[in-house]
Each structure stands twice: as C-alpha cells, then as structure tokens.
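Here's the structure we're looking at; comments come further down.
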Amino acid sequence: MVDKIFQKFHLSPDHPESPKRISYIYDQLKKHNLLNKCISFKKHIKVKQWLNTVHTDNHIESIKENYPEAYEVAISGVKSCLSAVEKIEKNRCSNIFCAIRPPGHHAINTGKVEGFCFFNNIAITAKYLQKKYNYKKILIVDWDYHHGNATQDMFYDDNTVLFFSTHDKDAYPGTGQTTKIGIGKGKGYNINVHLPCGTNDEKIIEVFNNILVPRASKFKPEFILISAGFDGRHDDPLGCFEISDKGFEKLTKIVMNLSKKFCDNKIISILEGGYNLHGNAKGVLAHIKTLDSI
Ligand SMILES: [Zn+2]
C-alpha cells in the first residue's frame, strides 16, 4: 500500500520524520520491480467512527485544527490500513504492508502530536477487524525501537488483543517496563521486552523465539498486525540497536510462521519509525520481500 500523499507534510524542515522516508521506499520498490505489486488506498472510506474507537473527539478536532496538513496525511494513513483489511477480507491477498506516515504507536489523546504520531493506525486497525469483521483475537507485534505506549494503553485491560513489544525502555517515551503486564481481564496480555543498546539480530531473534512464539501459540491469534519500525536497524540516528536487514527478514519469518499456523497467513504490517532514509528503505524492502515470499 503506497500513495504519493505520504510524501507530503513535514513537522519542521530538518525533522527526522521526513516525507523523504516514503520517497526512498518508493525508489527501492521501483529499483526492485515491486511497484506492480503496490496499490493505493480507497479514498472514500469513512474513518470518523473508526478513529473514535480509540481517540476522543477533542483529540481528533484538535489535530484537525492545529495540524491541518498532518491531519490530511494521517487520515490517509488510517484509510490505508482499513483498505488493507478490506483487500484481505475480500480474499485478494493474505498479507499487506502499509508504507504510510506519520507513524502512530505513540498517538495518545492529548490533542497534540506525540512522538511524531497523530492517530494510532494499528490500534484503529485492530478495532476495525474486531467490530466490522468479528475477529476475536488479534496479536500486535511491535518491533519498533521505541515502546508502543499508545497501543499498550489502548488495550491494557483487553484480553482480545495480545500486545508484544520489543524496545529500549530508556529511550522515548520512557515507558515499556516489563512489569507492565496488563490489568483486569487484560492481565497477561501485555508483554514488554526491554532490549539494551547494542541489541543485534541474535538477541532479538532469541526473544521472538523464546517469548513471542510460545505466548502467541497459547493465545492462538486470528489476525496478526505488525508495528514495523526500522529505527532498531544499525545506523539509525534515533536508535542504538544493531539489527540488520537479515534480522528483519528473520523476524518477519517468525511472525509469518505464527500467521501460517493460526490465521491463514493473514498479516497487516504498518510502518512506524525508521529515520536513516536509506536504511529504513532497505529494511522495508527486506521485510516486504519476505512477506511476498509466501
Ligand atoms: Zn520508533
């Protein structure tokens, strides 16, 4: 899922969450003859009721008023995710990657941009799957370098969404402690794994195999969503991990194996962070080539 609209809007001229993130991805897709596999989102999809599943009216109105250009692009991101659901539900494919920006997993209801995020794309997608298509159990895998605090908060008391996040808890936004396991009936359905600076392929793959795989196998998801951030890649200006493209391929494969076993290969992967323009595009390429190898 790609669209030129994601090459619009910049928070400030030198901000790392740049429209170039998408043009670099686009260049890689073109170079590797993958543009023929790309589709755009349905422009007419109505999103208001779906935004409201996790966001307050005050938040939505405030973003619209204070960040009009960001609002248009962020809404298009949400539309892309919902279009991806529609495409999969109509049996036209089993997995889709949404090359969208701005990211979403820090978007809480403050009425402001939080960690470059405006609307929580992945949380809205999970709600859409549940309410429109009656999915009972959704797994969200968040391998972005930063903790997906908004996603955690939105499903913290919910046992229908298993949230698994690997991140550096010492980085922005300072959340993601391993003791945060959920509350009420959601207890045990929030899994935070802190990884230190220097984390490499071997370490993160071990965590996926030893923690994610057994827990997800017990949960038996019906649909899997990935918060795919590539700021854990080596040479990212905002991260301090050392993950390679081979590492991202392997993480993708582990999630695909879970999806094959439990949910008929269904995966929607949504771009989150990744701020080395070339590195982010290479990480995305490795990820989608793996998704495409099904
Ligand atoms: Zn990030």
### Query
Working out 0.36 nm times the residue gap between Cys38 and Lys112, then minus their Cα-Cα distance, what length gain in nm do you get to one decimal?
23.5 nm
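For segment 122-179, run through the trypsin sites (Lys or Arg not before Pro) and keep only the ones in DSSP coil with at most 13 other Cβ atoms within 10 Å of their Cβ. Don't skip to the answer; put the middle values down first.
Numbers: sites: Lys127, Lys131, Lys132, Lys136, Lys137, Lys169; in loops: Lys136, Lys137, Lys169.
Answer in residue order: Lys136.
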### Task
Tell me, for the chain, which Cys residues have no other cysteine's C-beta sitting closer than 4.7 Å.
Cys38, Cys81, Cys93, Cys98, Cys117, Cys263
### Query
So, in Å, what gap is there between the alpha-carbon centers of segment 245-287 and segment 107-139?
19
### Query
Rounded, prolate or oblate: which one fits the chain, using the alpha carbon gyration tensor with axes a ≥ b ≥ c (rounded when a/c is under 1.5, else prolate when a/b beats b/c, else oblate)?
rounded
## Note on the structure
Under the Karplus relation with 6.51, -1.76 and 1.60 and θ = phi - 60°, whole-Hz ³J(HN,Hα) for segment 146-154, x at Gly and Pro, equal 9, 6, x, 4, 5, 5, 3, 4, 6
### Message
Placing unit charges on C-beta atoms (Lys and Arg positive, Asp and Glu negative, everything else neutral), compute the dipole magnitude of segment 4-292 about its Cα centre in debye, rounded to 20.
### Response
1380
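Run the numbers for Asp235 and Asn210: contour at 0.36 nm per residue of separation, minus the present Cα-Cα distance, in nm. Could you put the intermediate results ahead of the total?
Values: separation 25, 0.36 × 25 = 9.00 nm, distance 2.65 nm.
The Asp235-Asn210 span can extend by a further 6.3 nm.
Take each uninterrupted DSSP H stretch in the chain, measure its Cα extent along the helix axis, and return the ones at 27 Å or beyond whose mean Kyte-Doolittle hydropathy is at least -1.0. Mind showing how you got there, number by number?
Values: long enough: 68-89 (32 Å, 0.26).
Correct list, ordered by number: 68-89.
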### Task
Taking H placed 1.01 Å from N in the peptide plane, check which residues at least 5 places from Gly104 or on another chain put their amide H under 5 Å from its amide H.
Asn121
### Task
With runs of 4+ DSSP H residues as the only contributors, calculate the mean residue ellipticity of the chain at 222 nm using -39,500 (n - 2.57) per run, divided by the residue total and rounded to the nearest 500.
-12000 deg cm²/dmol
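Bear in mind these aren't lab numbers, they're just calculated from the coordinates by the rules spelled out. In this text, all values refer to a predicted model and were calculated from it rather than measured experimentally. We place every Cβ from the backbone using ideal geometry, glycine too, and count neighbours over all the protein chains shown.
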